[in-house]
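Shown next, in structure tokens, is the structure this report addresses.
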Amino acid sequence: MEVKIMKYKQLSFILAILLVLSALFNLYQWQKFNNLENEYTDLLQSINKISYKVSLLISFGNGTRIWFNNTRIPIGWSLFNLTYYLTEGNMQFTATQWGPFITSILSVSQYDNRYWLWYYWDPSAHEWLPGEVGAADYYLKDNDIIAWCLCEWGETP
């Protein structure tokens, strides 16, 4: 009987030690998480000072759409830079005196009377408006929502 009591006391002692070690480990992990969260917040604040967040829609005119949401870009990028970056260079253009004229995006070329036209979302009017300058001359702003649409003039994404 006395041997059983000793074994229960030893087992209780070992379990108490494991409980304390588990609590210490959890406390350590919680501190690590808080430190990482603070570092992440600081890094995000630093990134916000040198970059913008923009979204780009590519609409192929047949119902197929690809969204690139909340993409971080360096301040000073044009729509042309963004398109080239997001398509990984899978675009074609013709150089004109007014700047590059986009003829193909993601291996889909213009045809007949359908051209690659760009639009921006006007949040106050709640509608897509046509771009007023070439893609290389439109410098993106924070929270811009832009669309490339393979469409006829007057269609919108």
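Within the straight-line cut-off of under 28 Å between alpha carbons, the lysines reachable from K32 are K49, sequence neighbours fewer than 8 places apart in one chain being disregarded.
Which of the lysines could a cross-linker bridge to K53, judged by Cα under 17 Å and excluding same-chain residues fewer than eight apart? Cα-Cα hits under 17 Å: K141.
Scanning the chain for GluC sites (Glu not before Pro) in DSSP loops with at most 12 neighbouring Cβ atoms within 10 Å leaves 1-87 as the longest stretch between them. The string of couplings for region 17-26 from the Karplus curve (6.51, -1.76, 1.60, θ = phi - 60°) is 5, 4, 5, 5, 4, 5, 5, 5, 4, 5 Hz, one whole number per residue in order, with x for Gly and Pro.
Between I50 and T64, the distance separating the two model label sites (each 7 Å from Cα on the Cα→Cβ line) works out to 3.7 nm.
No lab work stands behind these numbers, since they all come straight from the coordinates. These numbers were taken from a predicted model, which means no experiment stands behind them. Note: ideal-geometry Cβ built from the backbone for every residue, glycine included; neighbour counts use all protein chains shown.
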